């Protein structure tokens, strides 16, 4: 039986426009990394680090190749496996083979420079998923303690050749208190990186005449570690342009204006350094609750 699928959004008729080759999907994800966001807590600050990474004995049948390596905040590295065919139990086994060789990845490039060892997550991507695997991932599945997610990506094209992409994510991570996944500040819920951005912004609003050097004394670099709590906007943008990896919140609405400078707060936070930041914020009289 042939299935004809048609989608209409705001009176725009859309037709299926699938990725015919795995490399085409890969190229799209490299340029649109935010599609790889898995949830609103620890897995929503994502950046692609590399693609086509060869692994020795990466498969039980021989060598392998990781399609995409991504980083989630300052805590997780993600192995992303793309498939032309339906993702199913066979695809899951291949991803698990790569996760078995994850330590090899850290020896192949400078992918991790945080003060703590990375945690790992696996992600399978295709435009369809088997019912059995869908159910397994919905209920929360991990491999030797490493969480696994699935994602369906579908692409459509309008009569005016506009491109629309829809994604569905199948992921249920069982957070515990030690994950520090959700925080309440001034009545709003944030993840680690967004909490820091909002706390610093709020503090600056309370002290509109504060300068860069003064704010550095309030929130010293040591609270975060490698990159500091924040940096000059110009330097943060330069780092992004030079390395292609976002370390800071640099969108216009994310920046924070001081008396003498505009800054961008760091995205790279883990349970250790976020704890240090929260303790400092509480010393300043700011109330932060762990949800």
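The values are calculated or read from the model by the stated rules, or taken from the named source; none is laboratory data. These figures come from a predicted structure and were not determined experimentally. Here the Cβ positions follow ideal geometry from the backbone for every residue, glycine too, while neighbour counts run over all protein chains shown.
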The conditions are (1) assigned to a loop (DSSP other than H, G, I, E, B); (2) buried (at least 20 other Cβ atoms within 10 Å of the Cβ), and residue 116 fails exactly one of them. Which is it?
(2)
Give me the helices (runs of 4 or more DSSP H) completely within segment 212-291, filtered to those with at least 3 residues that are not assigned by TED's automatic domain parsing to the domain that holds residue 194, ordered by residue number.
none
Name, by its number, the condition in (1) closer than 25 Å to residue 19 by Cβ; (2) buried (at least 20 other Cβ atoms within 10 Å of the Cβ); (3) in contact with a strand residue (DSSP E or B) (Cβ under 6 Å, 6 or more places away or on another chain) that does not hold for residue 92.
(3)
